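Read the figures in this text as sums done on the coordinates, not as results from a lab. This structure is a prediction, so every number in the text was calculated from the model and none was measured. In this analysis, Cβ positions are derived from the backbone assuming ideal geometry, glycine residues included, and neighbour counts consider all displayed protein chains.
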Amino acid sequence: MAEEKDMLNEEAIEETEAVETNENAAEAVETKTDSSEGNEEISIEDQLKAEQEKTAELEAKLEEAENRYFRLQADFENSRRRARLDLEASEKYRAQSLITNLLPAIDNFERALQMEADSEQAKSILQGMEMVYRSLLEALKNEGAEPIEAVGKEFDPHIHQAVMQVEVEGFDSNHVVEEFQKGYILKDRVIRPSMVKVNQ
């Protein structure tokens, strides 16, 4: 009987130790699971942070590429506009060099026409020269070139070049008294300013 009791006690102790061992093992497993869950949470947070950084970097690169594209597009539009303006200007002022070369001949015609004719022959020559002179002025007008009016007008440094200043009665101050050389304007561009004498 005593032996049976001892055996039962030993079995009970062994069962108790087994239960305690199982409980300890379960706690260890739970602790391990908790720590692995914590590790998983940290690694997911790190991954999210890395993804956000990568997204921010890609967005910055995209914005830079868009800005570069818009700058290139603006440069292209500006160069197209400049080319169009240059083409329009060259078309508008295409006759400028020819007119500039003709101006000395026109000046000579004007000087010759100021001469007085003594004979009928000289008068007919002057009449022919005047016809040629008018034809030249008409051709200039057709191209958009016209003489600048000067005498009696207020002095304008954009279209007049003052070579003398005088005091003359009958003219207002800062008005052109006399024109030495006729100036010409082509559309809205001064080809040659008028050389004038200005009243003080």
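Here are the numbers for this structure:
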item	result
Extension gain (nm, one decimal) between ARG189 and GLU130, 0.36 nm per residue minus Cα-Cα	18.5 nm
Karplus-derived HN-Hα couplings along the range 138-155 (A = 6.51, B = -1.76, C = 1.60, θ = phi - 60°), whole Hz, x at Gly and Pro	5, 5, 5, 5, 4, 8, x, 9, 9, x, 8, 6, 10, 4, x, 8, 5, 5
Estimated FRET transfer efficiency (ARG84, SER43; beta-carbon r; R0 45 Å; 0.05)	0.15
Links that overshoot a 20 Å alpha carbon limit, given the list LYS92/LYS187; LYS141/LYS182; LYS92/LYS141	none
Distance cut-off 26 Å, percentage of C-alpha pairs in the range 51-200 lying past it	55 percent
Cβ-derived FRET efficiency at R0 35 Å, ASN174 paired with LEU137, nearest 0.05	0.75
Rounded to whole Hz, the Karplus (6.51, -1.76, 1.60) HN-Hα couplings of the range 158-174, x for glycine and proline	6, 10, 10, 10, 7, 10, 8, 10, 9, 10, 10, 6, x, 10, 6, 5, 6
HN-Hα J in Hz across the range 89-98 - Karplus 6.51, -1.76, 1.60, θ = phi - 60°, x for Gly and Pro	5, 5, 6, 5, 10, 4, 8, 4, 5, 5
Inter-label distance for SER119 and LEU62, nm, one decimal - labels placed 7 Å from Cα along Cα-to-Cβ	9.5 nm
Amide proton proximity set for ARG189, modelled H, under 5 Å, gap of 5+	none
